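Only one structure is covered here, and it is reproduced in the block below.
A short reminder: the numbers here are calculations on the coordinates, not readings from a lab. Remember, it's a predicted structure, so these values are computed and weren't measured experimentally. Don't worry about glycine lacking a Cβ; one is built from the backbone with ideal geometry, like all the others, and counts go over all protein chains shown.
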Amino acid sequence: MGLSKIWRKRFDRMVERVLQELPPSVQKLLEEVPLHVEDHPSRKLMRQMGVERRDELCGLFTGVPMTEQSISTPIELPPFVTIYREGILAATREIHGRITPRTLREQIRVTLLHELAHYHGLNEEELEELGYE
């Protein structure tokens, strides 16, 4: 099962809209922490994360958080955020299978901000307290 071209286009247009609506400070941060958009995580990543279904994961921060970086610790790869279309669509889908533009936009925004917060060193518990679970 894969995403249709129509859903992929709708999703990507909504990502662009969300990015345009973000505050300038967050847009500037995305210059340091690029955003990748993929349909779903790889099987290898799913095994590493303990995820059984590929639509369970909405996003992932990859890299060393700012709070753990130092001059003496070399950074192997630059940090980046990946959001997963299938996971976000599954999280957005209402009981009857409907996905509204408003809920999709909000889920993309929350997922993106959640993963960027990991770059700033916040963990899952702290994000849950802030409402970015």
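From most to least packed by mean Cβ count within 10 Å, the peptides 79-92, 8-21 give 79-92, 8-21.
Using the Cα coordinates of the chain, the gyration tensor eigenvalues translate into equivalent-ellipsoid semi-axes of 25, 17, 14 Å, sorted from longest to shortest. Magnitude of the charge dipole for the range 13-59, about its Cα centre and with charges confined to Cβ atoms of Lys, Arg (+1) and Asp, Glu (-1), is about 200 debye. Between 0 and 90 degrees, the angle of helix 101-119 with respect to the longest Cα principal axis of the chain falls at about 20 degrees.
At q = 0.14, 0.16 Å⁻¹ the log10 of I(q)/I(0) for the range 76-125 amounts to -0.43, -0.53, computed by Debye summation with a single uniform scatterer per C-alpha, solvent ignored. Placing pseudo-labels 7 Å out from each Cα toward the beta carbon at ARG43 and GLU128 gives an inter-label distance of 3.2 nm. Site pair LEU77 and TRP7 shows an inter-label distance of 2.6 nm when each label is modelled 7 Å from Cα along Cα→Cβ. Would you work out which of PHE80, HIS36, PHE61 lies farthest towards the positive end of the dipole of the chain, given +1 charges on the beta-carbon of Lys and Arg and -1 on that of Asp and Glu, about the Cα centre? Value computed over the given set: HIS36. Quick one: angle between helix 5-21 and the longest Cα principal axis of the chain, in degrees between 0 and 90, rounded to 10, please. Rounded to the nearest ten degrees, it is 50. On the basis of the beta-carbon distance and an R0 of 30 Å, SER25 and GLU94 show a calculated FRET efficiency of 0.40.
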